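Data block below; observations after.
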Amino acid sequence: TVTDVARNRVALLVKYVDTNSQPAPEHSPSSLTTTTDETDISIQTALVGRWAMVAHEGQGHVSADKLEITFLPENRLAADSTQNGKVYSERGKYSVKGPTLTIIDDQDSRPDALDFCLIGNYLIINQFAQYGIDIVLRRTDGLNGQFTTSELQRLVADIRARAEKGDPQSQYQLGHAFSAGRLGLAKDEAEAVRWFRKAAEENHALAQFNLAVCYENGQGVAKDEVEAVKWYRKAAEQDYPFAQFILGSRYEKGHGVAKDCVEAVNWYRKAADQNCAEAQCCLGVCYESGQGVGKDYVEAVKWLRKAAEQGYVMAQNNLGVCYAK
(Lines give C-alpha, C1' and ligand atoms only; values in the text may rest on other atoms or scores of the structure.)
Protein backbone atom coordinates (compact mmCIF):
# COMPACT_ATOMS: atom_id res chain seq x y z
CA THR A 1 0.00 0.00 0.00
CA VAL A 2 1.08 3.60 -0.50
CA THR A 3 0.17 6.46 1.82
CA ASP A 4 1.25 9.94 2.94
CA VAL A 5 3.14 10.25 6.23
CA ALA A 6 4.18 13.73 7.36
CA ARG A 7 3.74 14.90 3.76
CA ASN A 8 6.10 12.21 2.50
CA ARG A 9 4.91 9.50 0.13
CA VAL A 10 5.65 6.13 1.76
CA ALA A 11 5.29 2.64 0.33
CA LEU A 12 4.67 -0.20 2.76
CA LEU A 13 5.01 -3.87 1.78
CA VAL A 14 2.98 -6.22 3.95
CA LYS A 15 3.34 -9.99 3.90
CA TYR A 16 -0.03 -11.72 4.25
CA VAL A 17 -0.14 -15.20 5.78
CA ASP A 18 -3.41 -17.10 5.52
CA THR A 19 -3.59 -19.30 8.61
CA ASN A 20 -6.95 -20.72 7.54
CA SER A 21 -5.99 -21.77 4.02
CA GLN A 22 -7.37 -25.06 2.78
CA PRO A 23 -5.30 -27.60 0.85
CA ALA A 24 -5.54 -27.37 -2.92
CA PRO A 25 -7.71 -29.90 -4.76
CA GLU A 26 -5.99 -33.20 -5.45
CA HIS A 27 -5.69 -32.55 -9.19
CA SER A 28 -4.17 -29.09 -8.80
CA PRO A 29 -0.55 -28.10 -8.17
CA SER A 30 -0.36 -26.73 -4.63
CA SER A 31 2.77 -24.80 -5.44
CA LEU A 32 4.89 -23.78 -8.38
CA THR A 33 8.25 -25.41 -8.97
CA THR A 34 10.87 -22.83 -8.11
CA THR A 35 13.75 -22.58 -10.51
CA THR A 36 17.44 -22.88 -9.74
CA ASP A 37 18.48 -21.37 -13.08
CA GLU A 38 20.41 -18.16 -12.38
CA THR A 39 18.94 -16.36 -15.40
CA ASP A 40 15.37 -17.26 -14.37
CA ILE A 41 16.06 -16.16 -10.79
CA SER A 42 17.48 -12.86 -12.06
CA ILE A 43 14.39 -12.20 -14.21
CA GLN A 44 12.07 -13.25 -11.39
CA THR A 45 13.83 -10.77 -9.10
CA ALA A 46 13.57 -8.04 -11.75
CA LEU A 47 9.80 -8.57 -11.94
CA VAL A 48 9.26 -7.69 -8.28
CA GLY A 49 7.35 -4.45 -8.17
CA ARG A 50 4.19 -2.87 -9.53
CA TRP A 51 3.25 -2.90 -13.22
CA ALA A 52 0.40 -1.14 -15.01
CA MET A 53 -1.06 -1.89 -18.45
CA VAL A 54 -0.33 0.94 -20.88
CA ALA A 55 -1.27 -0.75 -24.16
CA HIS A 56 -2.76 -3.86 -25.68
CA GLU A 57 -3.26 -4.92 -29.27
CA GLY A 58 -4.25 -7.94 -31.30
CA GLN A 59 -7.26 -9.64 -32.83
CA GLY A 60 -8.76 -10.52 -29.47
CA HIS A 61 -9.85 -8.10 -26.79
CA VAL A 62 -8.93 -7.32 -23.22
CA SER A 63 -12.01 -6.96 -21.04
CA ALA A 64 -10.23 -4.80 -18.44
CA ASP A 65 -10.08 -1.04 -18.83
CA LYS A 66 -7.17 -0.98 -16.39
CA LEU A 67 -4.82 -3.71 -15.22
CA GLU A 68 -2.19 -3.60 -12.50
CA ILE A 69 -0.01 -6.53 -11.45
CA THR A 70 2.22 -6.48 -8.38
CA PHE A 71 4.89 -9.16 -8.24
CA LEU A 72 5.94 -9.84 -4.65
CA PRO A 73 8.86 -11.78 -3.17
CA GLU A 74 8.42 -15.49 -2.47
CA ASN A 75 6.57 -16.06 -5.75
CA ARG A 76 3.38 -14.20 -4.78
CA LEU A 77 1.45 -11.77 -6.95
CA ALA A 78 -1.60 -9.54 -6.78
CA ALA A 79 -3.55 -8.43 -9.86
CA ASP A 80 -6.23 -5.76 -9.89
CA SER A 81 -8.32 -4.95 -12.96
CA THR A 82 -11.10 -2.46 -13.57
CA GLN A 83 -13.97 -3.08 -15.96
CA ASN A 84 -16.85 -0.64 -16.35
CA GLY A 85 -15.89 0.96 -13.06
CA LYS A 86 -15.90 -2.29 -11.10
CA VAL A 87 -12.65 -3.55 -9.55
CA TYR A 88 -11.69 -7.23 -9.66
CA SER A 89 -8.83 -8.61 -7.60
CA GLU A 90 -6.87 -11.84 -7.97
CA ARG A 91 -4.14 -13.26 -5.77
CA GLY A 92 -1.84 -16.13 -6.61
CA LYS A 93 1.62 -17.48 -7.26
CA TYR A 94 4.00 -17.11 -10.17
CA SER A 95 7.23 -18.55 -11.49
CA VAL A 96 9.57 -17.95 -14.40
CA LYS A 97 11.02 -20.70 -16.57
CA GLY A 98 12.82 -19.55 -19.67
CA PRO A 99 10.41 -17.51 -21.82
CA THR A 100 7.33 -18.60 -19.87
CA LEU A 101 5.63 -16.87 -16.95
CA THR A 102 3.34 -19.29 -15.12
CA ILE A 103 0.59 -17.98 -12.86
CA ILE A 104 -1.76 -19.91 -10.57
CA ASP A 105 -4.70 -18.02 -9.12
CA ASP A 106 -5.46 -18.97 -5.50
CA GLN A 107 -9.10 -19.52 -6.51
CA ASP A 108 -8.30 -21.51 -9.66
CA SER A 109 -6.29 -24.72 -9.83
CA ARG A 110 -5.40 -24.25 -13.50
CA PRO A 111 -1.99 -22.70 -14.24
CA ASP A 112 -1.80 -20.06 -16.96
CA ALA A 113 1.45 -20.25 -18.95
CA LEU A 114 2.15 -16.92 -20.67
CA ASP A 115 4.88 -16.06 -23.15
CA PHE A 116 6.57 -12.89 -21.96
CA CYS A 117 9.47 -10.55 -22.61
CA LEU A 118 11.07 -8.15 -20.11
CA ILE A 119 12.60 -5.10 -21.80
CA GLY A 120 13.93 -2.52 -19.35
CA ASN A 121 10.94 -1.06 -17.50
CA TYR A 122 8.44 -2.75 -19.81
CA LEU A 123 6.87 -6.17 -19.48
CA ILE A 124 5.38 -7.48 -22.73
CA ILE A 125 3.07 -10.48 -22.50
CA ASN A 126 2.52 -12.17 -25.87
CA GLN A 127 -0.57 -14.18 -26.79
CA PHE A 128 -2.20 -13.33 -23.48
CA ALA A 129 -4.84 -15.88 -22.47
CA GLN A 130 -4.30 -17.61 -25.85
CA TYR A 131 -6.38 -14.94 -27.65
CA GLY A 132 -3.51 -13.56 -29.72
CA ILE A 133 -3.22 -10.38 -27.66
CA ASP A 134 -0.09 -8.50 -26.71
CA ILE A 135 -0.27 -6.61 -23.42
CA VAL A 136 2.38 -4.04 -22.56
CA LEU A 137 2.84 -3.18 -18.90
CA ARG A 138 5.11 -0.48 -17.54
CA ARG A 139 6.80 -0.38 -14.16
CA THR A 140 4.75 2.25 -12.41
CA ASP A 141 4.44 4.46 -9.37
CA GLY A 142 0.70 3.86 -9.42
CA LEU A 143 -0.20 6.08 -12.37
CA ASN A 144 -1.99 4.23 -15.13
CA GLY A 145 -2.15 5.74 -18.59
CA GLN A 146 -1.92 4.86 -22.26
CA PHE A 147 1.12 4.98 -24.50
CA THR A 148 1.97 8.20 -26.22
CA THR A 149 3.32 7.88 -29.75
CA SER A 150 6.73 9.12 -28.67
CA GLU A 151 6.83 6.62 -25.79
CA LEU A 152 5.99 3.75 -28.13
CA GLN A 153 8.73 4.89 -30.50
CA ARG A 154 11.21 5.01 -27.61
CA LEU A 155 10.26 1.47 -26.54
CA VAL A 156 10.71 0.10 -30.08
CA ALA A 157 14.01 1.96 -30.41
CA ASP A 158 15.16 0.45 -27.11
CA ILE A 159 14.14 -3.05 -28.23
CA ARG A 160 15.94 -2.61 -31.56
CA ALA A 161 19.10 -1.25 -29.89
CA ARG A 162 19.24 -4.19 -27.51
CA ALA A 163 18.55 -6.62 -30.36
CA GLU A 164 21.35 -5.22 -32.48
CA LYS A 165 23.71 -5.64 -29.53
CA GLY A 166 22.87 -9.35 -29.47
CA ASP A 167 20.24 -9.60 -26.71
CA PRO A 168 18.18 -12.69 -27.71
CA GLN A 169 15.10 -11.66 -25.75
CA SER A 170 14.96 -8.34 -27.60
CA GLN A 171 15.67 -10.09 -30.91
CA TYR A 172 12.72 -12.40 -30.29
CA GLN A 173 10.41 -9.52 -29.34
CA LEU A 174 11.43 -7.54 -32.43
CA GLY A 175 10.76 -10.62 -34.57
CA HIS A 176 7.37 -11.05 -32.93
CA ALA A 177 6.50 -7.39 -33.55
CA PHE A 178 7.42 -7.70 -37.25
CA SER A 179 5.59 -11.02 -37.54
CA ALA A 180 2.30 -9.65 -36.22
CA GLY A 181 2.67 -6.00 -37.21
CA ARG A 182 2.69 -4.84 -33.59
CA LEU A 183 4.21 -1.97 -31.58
CA GLY A 184 3.80 0.41 -34.50
CA LEU A 185 5.88 -1.69 -36.91
CA ALA A 186 4.57 -2.72 -40.33
CA LYS A 187 4.16 -6.46 -40.79
CA ASP A 188 7.28 -7.91 -42.45
CA GLU A 189 7.56 -11.72 -42.38
CA ALA A 190 11.07 -11.81 -43.87
CA GLU A 191 12.32 -9.37 -41.23
CA ALA A 192 10.56 -11.42 -38.56
CA VAL A 193 12.42 -14.55 -39.70
CA ARG A 194 15.73 -12.67 -39.61
CA TRP A 195 15.30 -11.68 -35.98
CA PHE A 196 13.78 -15.00 -34.92
CA ARG A 197 16.82 -16.74 -36.40
CA LYS A 198 19.28 -14.52 -34.54
CA ALA A 199 17.57 -15.26 -31.21
CA ALA A 200 17.05 -18.95 -32.07
CA GLU A 201 20.75 -19.36 -32.71
CA GLU A 202 21.30 -18.00 -29.20
CA ASN A 203 19.08 -20.82 -27.90
CA HIS A 204 15.98 -18.70 -27.19
CA ALA A 205 13.19 -21.30 -27.02
CA LEU A 206 10.32 -19.06 -28.15
CA ALA A 207 12.34 -17.79 -31.08
CA GLN A 208 13.15 -21.37 -32.07
CA PHE A 209 9.46 -22.26 -31.90
CA ASN A 210 8.41 -19.24 -33.96
CA LEU A 211 11.13 -19.89 -36.53
CA ALA A 212 9.81 -23.44 -36.84
CA VAL A 213 6.29 -22.09 -37.44
CA CYS A 214 7.66 -19.82 -40.18
CA TYR A 215 9.32 -22.78 -41.91
CA GLU A 216 6.20 -24.92 -41.52
CA ASN A 217 3.89 -22.31 -43.05
CA GLY A 218 6.31 -20.73 -45.50
CA GLN A 219 6.06 -17.32 -43.83
CA GLY A 220 9.02 -15.12 -44.74
CA VAL A 221 11.01 -18.18 -45.80
CA ALA A 222 10.58 -21.13 -48.16
CA LYS A 223 8.34 -23.83 -46.70
CA ASP A 224 10.45 -26.67 -45.28
CA GLU A 225 8.89 -29.23 -42.90
CA VAL A 226 12.24 -30.87 -42.13
CA GLU A 227 13.75 -27.53 -41.09
CA ALA A 228 10.60 -26.82 -39.08
CA VAL A 229 11.01 -30.08 -37.13
CA LYS A 230 14.66 -29.21 -36.49
CA TRP A 231 13.70 -25.98 -34.72
CA TYR A 232 10.67 -27.49 -32.96
CA ARG A 233 13.05 -30.08 -31.52
CA LYS A 234 15.49 -27.46 -30.27
CA ALA A 235 12.68 -25.65 -28.44
CA ALA A 236 11.22 -28.94 -27.16
CA GLU A 237 14.59 -30.00 -25.77
CA GLN A 238 14.50 -26.83 -23.68
CA ASP A 239 11.22 -28.06 -22.16
CA TYR A 240 9.02 -25.57 -24.00
CA PRO A 241 5.74 -27.53 -23.66
CA PHE A 242 3.92 -26.37 -26.80
CA ALA A 243 6.97 -27.22 -28.91
CA GLN A 244 6.97 -30.67 -27.30
CA PHE A 245 3.29 -31.07 -28.21
CA ILE A 246 3.84 -29.97 -31.83
CA LEU A 247 6.89 -32.23 -32.16
CA GLY A 248 4.78 -35.14 -30.90
CA SER A 249 2.14 -34.38 -33.52
CA ARG A 250 4.79 -34.32 -36.26
CA TYR A 251 5.97 -37.78 -35.23
CA GLU A 252 2.37 -39.01 -35.11
CA LYS A 253 1.60 -37.70 -38.61
CA GLY A 254 5.03 -38.20 -40.16
CA HIS A 255 5.40 -34.55 -41.19
CA GLY A 256 9.04 -33.54 -41.61
CA VAL A 257 10.15 -36.71 -39.84
CA ALA A 258 9.59 -40.46 -40.15
CA LYS A 259 6.29 -41.49 -38.55
CA ASP A 260 6.91 -42.92 -35.08
CA CYS A 261 3.94 -43.22 -32.72
CA VAL A 262 6.10 -44.30 -29.78
CA GLU A 263 8.20 -41.15 -30.13
CA ALA A 264 4.99 -39.13 -30.50
CA VAL A 265 3.75 -40.47 -27.14
CA ASN A 266 7.14 -39.64 -25.60
CA TRP A 267 6.85 -35.96 -26.55
CA TYR A 268 3.13 -35.76 -25.76
CA ARG A 269 3.89 -37.03 -22.26
CA LYS A 270 6.63 -34.46 -21.69
CA ALA A 271 4.25 -31.66 -22.62
CA ALA A 272 1.30 -33.23 -20.74
CA ASP A 273 3.38 -33.37 -17.57
CA GLN A 274 3.76 -29.60 -17.92
CA ASN A 275 -0.03 -29.23 -18.08
CA CYS A 276 -0.29 -28.60 -21.82
CA ALA A 277 -3.98 -29.36 -22.45
CA GLU A 278 -3.51 -30.17 -26.15
CA ALA A 279 -0.83 -32.75 -25.32
CA GLN A 280 -2.91 -34.23 -22.49
CA CYS A 281 -5.79 -34.72 -24.91
CA CYS A 282 -3.56 -36.34 -27.54
CA LEU A 283 -1.96 -38.59 -24.93
CA GLY A 284 -5.42 -39.64 -23.79
CA VAL A 285 -6.40 -40.47 -27.37
CA CYS A 286 -3.20 -42.52 -27.78
CA TYR A 287 -4.07 -44.57 -24.69
CA GLU A 288 -7.65 -44.97 -25.91
CA SER A 289 -6.57 -46.25 -29.34
CA GLY A 290 -3.41 -48.07 -28.28
CA GLN A 291 -1.34 -45.96 -30.64
CA GLY A 292 2.32 -45.84 -29.58
CA VAL A 293 1.41 -47.21 -26.16
CA GLY A 294 -0.57 -50.11 -24.73
CA LYS A 295 -4.33 -49.58 -24.85
CA ASP A 296 -5.52 -48.43 -21.43
CA TYR A 297 -8.96 -46.83 -21.06
CA VAL A 298 -8.40 -45.81 -17.44
CA GLU A 299 -5.19 -43.98 -18.35
CA ALA A 300 -6.96 -42.45 -21.36
CA VAL A 301 -9.71 -41.02 -19.16
CA LYS A 302 -7.12 -39.71 -16.69
CA TRP A 303 -5.41 -37.56 -19.34
CA LEU A 304 -8.61 -36.53 -21.09
CA ARG A 305 -9.99 -35.35 -17.75
CA LYS A 306 -6.88 -33.24 -17.05
CA ALA A 307 -7.29 -31.50 -20.40
CA ALA A 308 -11.08 -31.20 -20.06
CA GLU A 309 -10.73 -29.53 -16.66
CA GLN A 310 -8.64 -26.84 -18.36
CA GLY A 311 -11.57 -26.07 -20.66
CA TYR A 312 -10.10 -27.79 -23.74
CA VAL A 313 -13.19 -28.49 -25.83
CA MET A 314 -11.90 -31.49 -27.79
CA ALA A 315 -10.95 -33.25 -24.56
CA GLN A 316 -14.34 -32.50 -23.06
CA ASN A 317 -15.99 -34.06 -26.10
CA ASN A 318 -13.75 -37.15 -25.98
CA LEU A 319 -14.32 -37.53 -22.26
CA GLY A 320 -18.06 -37.39 -22.88
CA VAL A 321 -17.70 -40.14 -25.48
CA CYS A 322 -15.85 -42.27 -22.91
CA TYR A 323 -18.75 -41.87 -20.47
CA ALA A 324 -21.25 -42.65 -23.23
CA LYS A 325 -19.45 -45.88 -24.10
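Quick one: V262 ticks every box in (1) among the hydrophobic types (A, V, I, L, M, F, W, C); (2) within 26 Å of G294 (Cβ to Cβ); (3) open to solvent by 30 Å² or more (accessible area, probe 1.4 Å); (4) under 22 Å from the mean Cα position of the chain (by Cα) except a single one, so which number is it? Of (1) among the hydrophobic types (A, V, I, L, M, F, W, C); (2) within 26 Å of G294 (Cβ to Cβ); (3) open to solvent by 30 Å² or more (accessible area, probe 1.4 Å); (4) under 22 Å from the mean Cα position of the chain (by Cα), only one is false for V262: (4).
Being at pLDDT 85 or above, of a type in the set (V, I, T) and closer than 21 Å to V54 by Cβ is the requirement here; does I125 meet it? Steps first, answer last, please.
Details: at pLDDT 85 or above: yes; of a type in the set (V, I, T): yes; closer than 21 Å to V54 by Cβ: yes.
So I125 passes the test.
Let's see how each residue does on (1) buried (at least 19 other Cβ atoms within 10 Å of the Cβ); (2) outside any helix (DSSP H, G or I):
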residue	(1), (2)
S150	no, no
Q153	no, no
V156	no, no
R162	no, no
G166	no, yes
Q173	yes, no
H176	yes, no
R182	yes, yes
V193	yes, no
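Output yes when any residue across the range 101-112 is within 17 Å of the chain's Cα centre (by Cα), at pLDDT below 90 and more than 20 Å from A78 (Cβ to Cβ), and no when none is. Within the range 101-112, not a single residue is within 17 Å of the chain's Cα centre (by Cα), at pLDDT below 90 and more than 20 Å from A78 (Cβ to Cβ).
Only a single item in (1) farther than 30 Å from Q171 by Cβ; (2) modelled with pLDDT of 95 or more; (3) under 18 Å from the mean Cα position of the chain (by Cα) is not met by Q310, and it is number (2).
Within the range 236-284, can you find the residues that are at pLDDT below 95 and polar (S, T, N, Q)? Passing the criteria: Q238, Q274, N275. Residues in the range 65-103 that are among the aliphatic types (A, V, I, L, M) and either surrounded by fewer than 18 Cβ atoms within 10 Å (Cβ to Cβ) or within 24 Å of F209 (Cα to Cα) (or both): A78, V87, V96, L101, I103.
The values are calculated or read from the model by the stated rules, or taken from the named source; none is laboratory data. Note that the structure is predicted; figures quoted are calculated from it, not measured. Note that each Cβ is placed from the backbone with ideal geometry, even for glycine, and that neighbours are counted across all protein chains shown. SASA here: full protein model, heavy atoms, side chains in, ligands and nucleic acids out. Shrake-Rupley method; radii C 1.70, N 1.55, O 1.52, S 1.80 Å.
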